[in-house]
């Protein structure tokens, strides 16, 4: 049975980033009310105004590294709209390409804290409200949950953890009528990915974003996510032709190891990344703490 979004309230963390913004617009077209949560209070207030104003969209400052901040924002959103039906844990960051042996402890812990622990905090803050509506929890993971690139250890570890957390939480909440899903897109086009495509190390590593690493239009990703919410899907893979990777990640990883990163791909990428300190690569750009 289709889960109609009209009149329901959807909360989104990282709402002003590339995916969060596009997803918010698509959900408004489905007549959902939007609780927009982001670190940048001014940006999220402006976003809410462009989406229709306080009657249908309102923004709150929220930091996914703070459980108290999320609890306050969820409580305020539920009071404002009278309900929270769907909560999407979407805030996240990427990382600078580099060896696991070279990553700084603070950088590792920041990625895990935002991408994985941030989802846990979002779910924990949302559950008391969502279970009243027998609603739906959703987290933005990645194809990196299943297919693990080299030079990207903290990111792939965090996204694999999000996938596992969603699967565990789904079983814990199903008897309450709450469903839980995870989102697994491949690379998709945003301004930050455009920037990544100018970097020699990322282009070498991911074959100039062609073949296995070809970009998917953001419209495809958003449409797949909305369809997945309406079906209360456990896993949303985008593009859908890559669903086999979610069904058999161990087998597919062997293929990717051999054919996705052949020959000197990895050492070449390491060397290309050495000449200067470069800004961090965010694969799924969202407003990050």
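Nothing in this text is a laboratory measurement; each read-out follows from the coordinates by a stated rule. Please read all numbers here as calculations on a predicted model, not as lab measurements. Glycine gets a Cβ as well: all are built from the backbone with ideal geometry, and neighbour counts include every protein chain shown.
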Among the residues of region 46-70, how many are assigned to a helix (DSSP H, G or I) and crowded, with 17+ Cβ neighbours inside 10 Å?
4
For the condition surrounded by 17 or more Cβ atoms within 10 Å (Cβ to Cβ), in contact with a helix residue (DSSP H, G or I) (Cβ under 7 Å, 6 or more places away or on another chain) and touching a residue at least 40 places away in the same chain (Cβ under 8 Å), what is the one hit in 86, 130, 100?
86
Residue hits (region 231-248; assigned to a loop (DSSP other than H, G, I, E, B) and surrounded by 14 or more Cβ atoms within 10 Å (Cβ to Cβ)) are 231, 232, 233, 234, 239
Condition test on residue 37, is it in contact with a strand residue (DSSP E or B) (Cβ under 7 Å, 6 or more places away or on another chain), surrounded by 24 or more Cβ atoms within 10 Å (Cβ to Cβ) and within 16 Å of residue 16 (Cα to Cα)?
yes
